[in-house]
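The values are calculated or read from the model by the stated rules, or taken from the named source; none is laboratory data. Small disclaimer: the values here were computed from a predicted structure and weren't measured. Virtual Cβ from ideal backbone geometry, glycine too; neighbours counted across all protein chains shown.
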Amino acid sequence: MRILIVEDERPVARQIAAALTEAGHDPKAVHDGEAALDEVNKTPFDLIVLDIRLPGIDGFEVLRRLRAQHLAGRVLLLTARGAVEDRVTGLQLGADDYLPKPFAMRELVARVRALGRRYPEEPGMSLRVGDVTLDLATHDVHRGAQRIELSPRENMLLKVLMREPGRVFTRTELCERVWEHAHEYDTKLVEVFIGRLRKKLGDPPLIHTVRHVGYTIGNPKA
């Protein structure tokens, strides 16, 4: 993937670039928000590794402007460890994932690989399963004409399911995609959020349980 690294600590940016190059990607590093916006407007990137704490325009504002312009590309935020509000804000602004600092470089490469397996989002694109639609630019969810209010985490979970209707996701896989580290969460948490989604989406139910395996949306594949 073509990857833009936005990190003001130059040694860290060099380390990230080296690790991503070794993993077969094509990274480019810049060190402030203005430079990041200039690069994205000149060159399409598949993914942006974006530090929140930047001089001048911070990472939140960079992300806000990217999403306001409906620019394609996934965003992996680098946040301070324990900064829960930063994570929530980033996800609400449209980040696809986040990684707390300090981090192991192999984990960053794994996160990038996981994001690369997901479908790229096109500007203005929506997901649709049955009469449920999810706007990828605004994150609005509707069932028919009715707007459904979801939390950021519920929205992320629904997005994962709707990107591959009919595919059965295990609880562990959903933990890995929606939460920070699968091993830190009891997979029963997935059951709780699935229950919330089912209740909010209403009838007829679109999210199905596949016994002893996991969950799928729409009709399971034969």
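Among the helices (runs of 4 or more DSSP H) confined to the range 1-85, the ones with at least 2 residues that are of a type in the set (S, T, N, Q) are located at 10-22.
The residue list Leu54, Leu63, Leu91 contains one member that is closer than 25 Å to Asp140 by Cα, hydrophobic (A, V, I, L, M, F, W, C) and buried (at least 22 other Cβ atoms within 10 Å of the Cβ), which is Leu63.
Looking at Thr21, Thr43 in this structure, which one is loosely packed, with under 14 Cβ neighbours inside 10 Å, touching a residue at least 24 places away in the same chain (Cβ under 8 Å) and polar (S, T, N, Q)?
Working: Thr21 fails: touching a residue at least 24 places away in the same chain (Cβ under 8 Å).
Checking each option against the conditions leaves just Thr43.
The set of residues in the range 141-182 being assigned to a helix (DSSP H, G or I) and charged (D, E, K, R) consists of Arg153, Glu154, Lys159, Arg163, Arg171, Glu173, Glu176, Arg177. Suppose the filter is at pLDDT below 90 and β-branched (Val, Ile, Thr); does Thr21 pass it? No: the conditions fail for Thr21. Contact map, the range 113-137: first residue at positive phi, second residue modelled with pLDDT of 80 or more and not aliphatic (A, V, I, L, M), Cβ cut-off under 9 Å, separation 6 or more or different chains; pairs are Gly124/Asp135; Gly130/Arg143; Gly130/Pro165; Gly130/Pro204; Gly130/Gly218. Please find, within the range 131-146, the residue that is farthest from Pro44 (Cα to Cα) out of those that are surrounded by 15 or more Cβ atoms within 10 Å (Cβ to Cβ) and modelled with pLDDT under 90. Among residues in the range 131-146 that are surrounded by 15 or more Cβ atoms within 10 Å (Cβ to Cβ) and modelled with pLDDT under 90, the one farthest from Pro44 (Cα to Cα) is His139.
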